[in-house]
């Protein structure tokens, strides 16, 4: 039964793929080139170090977020309010979670999770300070909770390794 179901799915899928070939036009090569450029950018992200994201136009201010998830049941919730932000959220593994609720003039940072069941919770409400968050979590069941920000915790850089470790930072 499973074999028959797989065979039917393969046949239907191949008809869909071949039917798409007739509509190619002069724009298809541009789409393929832009997709290849996007894939090259994603593949250039380093798994071992965090580097700040640079805007292609230095005077341009905007709000950018890059989310890359490889694995099952990963979740990102991002509710940010700022005049400029640049965030890179990378999850490699299963059941990882990133929750960002930040209201600040400027937000920059990278969160990298390698492993399973890791979580980063960052809750910062109504601050007048620029906020940076650079976190690497290598391992399983690692947890970081940051609530609030002050001059000591507004530029957080943290590497968490191992298993079953938790860090909570509460700032007033």
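The values are calculated or read from the model by the stated rules, or taken from the named source; none is laboratory data. Treat the numbers as computed from the prediction; the structure is a model and nothing was measured. Cβ placement follows ideal geometry from the backbone for every residue including glycine, while neighbour counts extend to all protein chains displayed.
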Item checked: Residue check, residue 156 touching a strand residue (DSSP E or B) at 6+ places or on another chain (Cβ under 6 Å), assigned to a strand (DSSP E or B), closer than 20 Å to residue 75 by Cβ and touching a residue at least 12 places away in the same chain (Cβ under 8 Å) -> no
Note to self: So, in segment 46-87, exactly how many residues are over 16 Å from the mean Cα position of the chain (by Cα), assigned to a loop (DSSP other than H, G, I, E, B) and at pLDDT 90 or above?
What the structure shows: 2
Next item on the list: Being surrounded by 17 or more Cβ atoms within 10 Å (Cβ to Cβ) and on the phi > 0 side of the Ramachandran plot narrows it down to one of 71, 93, so name that one.
Entry: 93
Check: Take the residues of segment 132-151 that are in contact with a strand residue (DSSP E or B) (Cβ under 9 Å, 6 or more places away or on another chain) and not in a strand (DSSP E or B): which is surrounded by the fewest Cβ atoms within 10 Å (Cβ to Cβ)?
Finding: 148
